[in-house]
Structures are given as structure tokens and as C-alpha cells.
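Here's the structure, in C-alpha cells; my notes come after.
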Amino acid sequence: DEIQSVLNPAKPGQTVYAPKANPLKNIDALEKLDAYAAAARRAEAKAEEARAANKAELLAAKRGVKKSRKQYKAQGKAFYEAASKQGDVCADGFDV
């Protein structure tokens, strides 16, 4: 106790500050600087999630179009083959 009374009083400790958040990576930190930019980033993230959710549906639709296109092309080739088997129409003077 004698020594304690002679010494200087205890100094307050250093204040600990929270690390500064990078507004380019942290939307909440960006909102403090620019509320519109933060809202735009959130909207873009939401739209990106929606696109990812609809991607499977869009791919299925595109594959369906591709399948119908293949069927149409095969039908055209079959018609051409059938027409080619008939021979030259002009050789008989247009008499079929």
C-alpha cells in the first residue's frame, strides 16, 4: 500500500477502435457514404440471384427450341430425299 500511494495513478488504457470497413466490399459501409449506391448494389445482387434461379428454366426452353429446329431440319432433308428419288421433272417436258 505504501508503494501504491507513492506511484502515479493508473493511466486509462488505449481505446480500441473497430477496423474500418471497405465500402467497395461492405455494402453497409457503402451505405454510410452513398445510400443510392448501396441500394443499387443490393438491387443488382437481388437481380443476379433471380437470374441464377431462372437459368435452368431458360436453358430448358433453349434446348426445346434447338430440338424442334433439329426436327424441322430432318423433315426438310427427308422431303429433299423424297423429291430427289422422283428424278428429273423437266426431262419429260413437265409431264408427270
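The values are calculated or read from the model by the stated rules, or taken from the named source; none is laboratory data. Please read all numbers here as calculations on a predicted model, not as lab measurements. Heads up, the Cβs are rebuilt from the backbone with ideal geometry, glycines too, and the neighbour counts pull from every protein chain shown. To get the accessible areas, we keep the full protein, side chains included, count just its heavy atoms, and leave off ligands, DNA and RNA. Shrake-Rupley method; radii C 1.70, N 1.55, O 1.52, S 1.80 Å.
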Inter-probe distance in nm under a simple model that places probes 7 Å from Cα toward Cβ, at Arg69 and Ala83: 2.2 nm
Per residue solvent-accessible surface (Å²) - region 38-85, probe of 1.4 Å: 94 Å²
Distant-in-sequence amide H partners of Asn26 (H built 1.01 Å from N, under 5 Å): none
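Compute the longest continuous run of the chain that contains no exposed trypsin sites (Lys or Arg not before Pro); treat a site as exposed when its DSSP state is not H, G, I, E or B and it has at most 16 other Cβ atoms within 10 Å.
In the chain, the maximal stretch lacking such sites is 26-96.
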Nitroxide proxy distance, nm - points 7 Å out along Cα→Cβ at Asn22 and Ala10: 3.9 nm
Rounded accessible area of Tyr80 (nearest 10 Å², 1.4 Å probe): 150 Å²
Listed candidates (i) 158; (ii) 233; (iii) 88 - label of the one calculated as volume of the Cα convex hull per residue in Å³: (ii)
GNM flexibility winner over the chain from Ala37, Ala52, Ala82 (Cα, springs under 10 Å): Ala82
Using alpha-carbon coordinates, inclination of helix 35-85 to the longest axis of the chain, degrees: 20 degrees
